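Below is one structure, written out as structure tokens; comments come after it.
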Amino acid sequence: MKSELSQLLQRNDVWRANQWQAELKSYPSGFARLDQELAGGGWPQTGVCQLICAEPGQGELQLLLPLIKRLSQDNQWLVWLSPPAIPYPPALAAAGVDLAQQLWLQPEDHKQALWALEQSVSSGACRMALAWLDHLSLSQARRLQLVAEKGNCLLFLFVAQAHECDSHPVQLKLELARQLQGTQVRIIKRRGGWPSAPFVLDLGDSELGIVAEKSSGEVIRGPW
């Protein structure tokens, strides 16, 4: 019986449930503990990921910094849309980010923001986008997921409350909370897996923190 089952599993027309993770294309996050929890062993290369932060400063940019650095050094464009503060260029450059590959967009209203974001992620020229939106409907989230996959772009959406995106059809959803020991991460949604128990990541030295300036001139020091 075992030999017959083994022969059956070797057939090309038989799909095994654990095969899909190995076939997923991913980027290493730069944090081994997080990669263990993510399908494919890292961030997905396309689609939408939502990061839930009650307020800016939960370590969200430090979490993404290794990927931002990697893609910028590979001559890939990265779009920043409506961030709560302007990322401080010297801090990014000191962390190894190529500033020439960064695009900062500040649309005047929500409609323009959605249009600019969709154009960016569907262009084929942008490999990664970070967007802070006041709100997002179910249909808008679904559309962004589709255009991001079509445009071969990874889009990170930052939201303040988990209930605001409960039904959004995105492939990955994480909740972040700053603690004394580091940043607590809870995976709320992931393809092919259950939500995770909370775990804490050490996001590195404070020198990797991002310094940002609001348009008012007020300085907000990271880590983000």
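The values are calculated or read from the model by the stated rules, or taken from the named source; none is laboratory data. The model shown is predicted, which means the values in this text are computed figures rather than measured ones. Because the Cβ atoms are built from the backbone with ideal geometry, glycine has one as well, and the counts that use them run over all protein chains shown.
Miscellaneous remarks
- Taking the criterion of being part of a helix (DSSP H, G or I) and either under 19 Å from PRO56 (Cβ atoms) or among the small types (Gly, Ala, Ser) (or both), the residues of the range 67-82 that qualify are LEU67, ILE68, SER72.
- Strands (runs of 3 or more DSSP E) completely within the range 159-224 that count 1 or more residues being modelled with pLDDT of 90 or more: 172-179, 182-190, 199-201
- Qualifying residue in the range 36-46 (condition: surrounded by fewer than 20 Cβ atoms within 10 Å (Cβ to Cβ), out of contact with any Phe, Trp or Tyr (no Cβ under 6 Å at 6 or more places or on another chain) and part of a strand (DSSP E or B)): no
- When residues of the range 57-66 are limited to those that are under 17 Å from ALA91 (Cα atoms) and not in a helix (DSSP H, G or I), the one modelled with the lowest pLDDT: GLY57
- Matching residues in the range 170-188 - criterion: being without any contact (Cβ under 8 Å) to a residue 40 or more places away in the chain and within 15 Å of the chain's Cα centre (by Cα): ARG186
- Residue-level check: of (1) modelled with pLDDT under 90; (2) closer than 21 Å to GLY151 by Cβ; (3) of a type in the set (Phe, Trp, Tyr), TRP43 misses just (1).
- Flag not set for PRO83, criterion: crowded, with 16+ Cβ neighbours inside 10 Å, modelled with pLDDT under 90 and within 21 Å of LEU136 (Cα to Cα).
- Any hit, the range 83-101, residues being under 16 Å from the mean Cα position of the chain (by Cα), within 17 Å of GLU60 (Cα to Cα) and in a strand (DSSP E or B): no
- Residue selection: SER120 satisfies the criterion of being among the hydroxyl-bearing types (Ser, Thr, Tyr), surrounded by 13 or more Cβ atoms within 10 Å (Cβ to Cβ) and either part of a helix (DSSP H, G or I) or modelled with pLDDT under 90 (or both).
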